[in-house]
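What follows is a set of notes on a single structure, which appears directly below.
The values are calculated or read from the model by the stated rules, or taken from the named source; none is laboratory data. This one's a predicted model, so the numbers in the text were calculated from it and none came from an experiment. Here the Cβ positions follow ideal geometry from the backbone for every residue, glycine too, while neighbour counts run over all protein chains shown.
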Ligand SMILES: [Zn+2]
């Protein structure tokens, strides 16, 4: 059997047909058109999924269902995308109904970070773990929580919206209205914004990190501060969920060894429980495919049968 995974982002939609072993059979990617009504965009997604299935020469009967990973806030119980900051016009959009009516098969929606956590559990960096937290640090920051052998979704599917945890109000106002959210300080967007401000020229996140690695005197202390904040965020997650492992993905994690070393050092010093100070902190394994794989996993590996792989 197969499942279709749909990963909806603020700039791109990725779709894939995935088999029971977590292999991508066929995939496609297209722009998220924010100028059209969400209904028209979902129509386009339906058409493209249909084409994908045809191109893969699969019979609809071999497809168990369609999983969707989307940015929150959403309501996975009601199948609604409620109000994501990066999908401006998508307010209370009944995406599950619209896709279900088109394909007439089971459709399941979860927060994109939760879906990615499920993918890391299935075929990624957390296969042997029943308690772990997946964090993605890219344009925003989100988390997927896997606890007691189950994906922890919360009552509406928004568990893990950890990016809007207040860390330090002196960093200024986040787009959510609070002051000093983790995402406002340490996301890729925030690092590029603040780094550019500090050096007085526009820099991308990658450029900020490459200058940091060349010992830029202004960016060195700034990035060290970011690492400290990310360390504190991990300590909060460890103190709250007592995971065996933290898996970190997203573009910012690509800065690599130095980020992991600094976070591990911080956790070693500050996790409350002495046994938690050695919590394993590793890079995600699935990169950009985590979204579609996790979405497909919502169908192929629901939390009841994912235990034990
Ligand atoms: Zn916020």
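Only residues that are under 19 Å from the mean Cα position of the chain (by Cα) and under 19 Å from residue 72 (Cβ atoms) were counted across the range 178-192, and they come to 9.
Is it the case, given these coordinates, that residue 204 is without any contact (Cβ under 8 Å) to a residue 24 or more places away in the chain and at negative phi?
Answer is yes for this residue.
Only one of the numbered conditions (1) crowded, with 17+ Cβ neighbours inside 10 Å; (2) part of a loop (DSSP other than H, G, I, E, B); (3) without any contact (Cβ under 8 Å) to a residue 40 or more places away in the chain is violated by residue 272, and that is (1). Taken together, the residues in the range 112-147 that are buried (at least 24 other Cβ atoms within 10 Å of the Cβ) and either within 16 Å of the ligand (Cβ to nearest atom) or not in a strand (DSSP E or B) (or both) amount to 19. At pLDDT 95 or above, surrounded by 15 or more Cβ atoms within 10 Å (Cβ to Cβ), under 23 Å from the mean Cα position of the chain (by Cα) and part of a strand (DSSP E or B), is that true of residue 42? Considered against the rule, which asks whether it is at pLDDT 95 or above, surrounded by 15 or more Cβ atoms within 10 Å (Cβ to Cβ), under 23 Å from the mean Cα position of the chain (by Cα) and part of a strand (DSSP E or B), residue 42 comes out as no.
Report the residue count in the range 171-218 for those that are in contact with a strand residue (DSSP E or B) (Cβ under 8 Å, 6 or more places away or on another chain), more than 9 Å from the ligand (Cβ to nearest atom) and part of a helix (DSSP H, G or I). Spell out the reasoning first.
Let us first name the residues in the range 171-218 that are in contact with a strand residue (DSSP E or B) (Cβ under 8 Å, 6 or more places away or on another chain), namely 171-174, 178-184, 186-188.
In the following step, the residues that additionally are more than 9 Å from the ligand (Cβ to nearest atom) were identified as 171-172, 186-188.
So of that shortlist, the ones also part of a helix (DSSP H, G or I) come out as 171, 186, 188.
Residues in the range 171-218 being in contact with a strand residue (DSSP E or B) (Cβ under 8 Å, 6 or more places away or on another chain), more than 9 Å from the ligand (Cβ to nearest atom) and part of a helix (DSSP H, G or I): 3 in total.
Looking at the structure I just gave you, is residue 175 surrounded by fewer than 15 Cβ atoms within 10 Å (Cβ to Cβ) and under 20 Å from the mean Cα position of the chain (by Cα)? Here the answer is yes, as residue 175 does meet what is asked. Of all residues in the range 148-170, at least one satisfies being within 16 Å of the ligand (Cβ to nearest atom), more than 24 Å from residue 76 (Cβ to Cβ) and in contact with a helix residue (DSSP H, G or I) (Cβ under 6 Å, 6 or more places away or on another chain).
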